[in-house]
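Derivation of every value follows stated rules applied to the coordinates shown; laboratory data play no part. This one's a predicted model, so the numbers in the text were calculated from it and none came from an experiment. Because the Cβ atoms are built from the backbone with ideal geometry, glycine has one as well, and the counts that use them run over all protein chains shown.
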Amino acid sequence: MPHRIVPATPAEVPVPKDPEALRALPAEALPGLARTLRRRLVEICAERGGHLGPNLGVVELTLALHREFRSPHEPIVFDTGHQAYVHKMLTGRAALEGLRRAGGTSGYPDRGESVHDVVENSHASGSIAWAHGLDRAHRLAGRDGVAVAVTGDGALTGGVGLEALNELAADRGSRTIVVLNDNTRSYAPTVGGIAQHLAALREGEIAPGADLFTTLGLTYLGPVDGHDHEALAAATADARAAAEDPSRSGVVLHVVTRKGAGFARAEADAVDHWHATGPFPLEGPETVKPAADTWSARLGAAALAAARADERVLALSAAMVDPVGLTPMQREMPARVLDVGIAEQLALDTAAGLAKGGRLPLVALYATFLNRAHDQLLLDLALHGEDVTITLDRAGITGDDGPSHHGIWDLALAAQVPGLSLWAPRDGARLDAAVPAALATSGPSVVRFPKGACPEELPTLAQRAAGDVLAGDADAPIDVLLVSIGALADRAVAAARSVAEARPGLNVVVLDPVQALPLPPALLELAAGARAVVTIEDGLAERGIGAALGTRLAAGATLHAPGPVVRSLGVRLEFLAHAKRDAILAAQGLDAEGIAAQVRELLGE
């Protein structure tokens, strides 16, 4: 018989409409309410997908937080926000209506949904600083109450989390409570000295008062069983009392939880305890497996092949070994895959040192997380010309996770970095070739690709110094040159054919430059000879590759030779809500129909 969560029974308790109603419940009702919440979490994620494992682990903890602390007067900041589903269910969103779908409930806290949602905070480690800042502001205003940060043990591998603890420890009179949700994992098992210290605390190997937090000057409470309602009620009350003592600095409440708690399939999953899942059958033994030929899998295979071919190659990850495709390499060569924790800045600087020491490091990140290490990319890698390859998964529009996870900033950042080389492969075969090419290139290199399954291979009609010709005749006078960056190439080709079919004799050429940065001189020459140039990328239209190309073409123009008309098609400079990738691309005019329409407009039609 397959494992199933405990089915609905009369012992279940309806979800209260708001935290005030929750606080009015007798303590005896909490186990039944926890059962209700877990069943709903499983049923909702089975239908829609979502961050199931982290939320199953914080059911009892979230109940205790909302019973002790008076949200929103006493703000509760979740770090990361993917563990806030139960919080949402207890603050008027019991059904998580339309979870992660366009117009529905966000997978992260969202101020537009509720006054109880303080910070979107899906990039880890910021909650302590947020809560401490709120606490400072409230004290300055003479306002009562505490501020609470719910941070995972993985978030303490991030520098800003440690910086915030350092600052908090020196602020006597602070009413900030740090609830340390210790489930021994971020996405993967937590790494580093802090993780070892927490393990020693869990095992009782550290004498009272000898813990790191007390040594810093904070009040440490715990460890507490994060699935024991009575223990949590007592511990949160003690945390409040300590926080309200003006002679103390902040409070750290150490709560031990199990990721995936209460759902056997999640608890048994050693990889990530169902950290995030797509829709799955309630009766089945596993989640629905993604397509085998994904961009992430192709990257992982390419990285492993490169490591087999050259012993200098090693890979680094920021707590995301499996999601970015490095698991095969980790299994075969565990000593050559380094997980530095949720610390992208550390990953790039470590890679810089490795490169200076004669290694060929490959740093595999989600594109959205490169934002946090721009200073290291610019002034540690590029300034020193270190041979570091960065692969960016989930580049461009990603979809369901919303504004913080769209990888639309990477091209804009990369285009401002002197000496950086960038590949945006259009299909899996080009990704296979881009990884060794980047590793063989001097200075920092970036290989970026989107989320999901690889598209069908898009053949090259002709190869030119400027890149691969995918449509049209590059040897004849060019009316419109479509410069396609990355995985939108199939849409660019479809748009070109649509425009050309409606205008016989119009030469619409689609070119994939293959290596988009630095801008190839042959591409500039080809573009300068076209009547019009349209660039297409799923990054910011005003700041990316197209903008750089337009600037270079304008610099060569004169009154007598004004050069081509240039249009840069891309993502508007705005934060994009969650929706399916194809729907967002269409809304941004980056589907085949939208691209064709903008070309026709350029032609005056």
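For the reader, a short list of remarks on this structure follows.
- Between the amide H of ALA149 and those of VAL77, ILE177, VAL178, VAL179, distances stay under 5 Å, these residues lying 5 or more places away or on another chain, with hydrogens modeled in the peptide plane.
- Placing unit charges on each Cβ (+1 for Lys and Arg, -1 for Asp and Glu) gives the chain a dipole about its Cα centre, and among LEU482, LEU603, THR190 the Cα reaching farthest toward its positive end belongs to LEU603.
- Modelled spin labels at VAL115 and HIS384, positioned 7 Å past Cα toward Cβ, are 5.1 nm from each other.
- Fraction of beta bridges assigned by DSSP in the range 471-587 that are antiparallel (%, nearest 5): 5 percent
- 23 Å Cα-Cα reach of LYS451 towards lysines, excluding residues that sit fewer than 8 places from it in its own chain: LYS289, LYS580
- Low-density loop cleavage sites - GluC sites (Glu not before Pro) in the range 157-253, where at most 11 other Cβ are within 10 Å (DSSP): GLU203, GLU205
- Helix-only [θ]222 nm of the chain, DSSP H runs n ≥ 4, -39500 (n - 2.57) each, per residue, nearest 500: -10000 deg cm²/dmol
- Total formal charge among the other residues, if their Cβ is under 13 angstrom from that of LEU201, Lys/Arg +1 and Asp/Glu -1: -4
- The H on the amide N of VAL534, modeled in the peptide plane, is under 5 Å from the matching H of LEU481, LEU482, VAL483, ARG567, each at least 5 residues off or on a different chain.
- Here the chain is assigned +1 on the Cβ of each Lys and Arg and -1 on the Cβ of each Asp and Glu. Its dipole about the Cα centre then comes out at about 420 debye.
- ARG464 long-range amide H proximity, modeled H, under 5 Å: VAL469
- Sparse-neighbourhood loop sites, trypsin sites (Lys or Arg not before Pro) in the range 166-220 - DSSP loop, at most 16 other Cβ within 10 angstrom: ARG172
- Note, ³J(HN,Hα) from phi for the range 221-226, Karplus 6.51, -1.76, 1.60, rounded to Hz, x at Gly and Pro: 10, x, x, 10, 5, x
- Square roots of 5 times each gyration tensor eigenvalue, C-alpha, the chain, largest first, Å: 47, 26, 23
- One decimal place: the segment GLU332-ARG600 gains 91.3 nm when fully extended, by the rule 0.36 nm per residue minus the C-alpha distance.
- In this label model, LEU461 and ALA207 are separated by 7.9 nm, measuring between points 7 Å along each Cα→Cβ vector.
- Reachable lysines, given that their alpha-carbon falls under 24 Å from the alpha-carbon of LYS17 and they are not under 8 places away in the same chain: LYS88
- Each peptide among 467-479, 528-540 gets the average number of other Cβ atoms lying within 10 Å of its residues, and from highest to lowest they stand as 528-540, 467-479.
- Note on the range 474-605: Cα-Cα pairs beyond 17 Å make up 56% of the total pair count.
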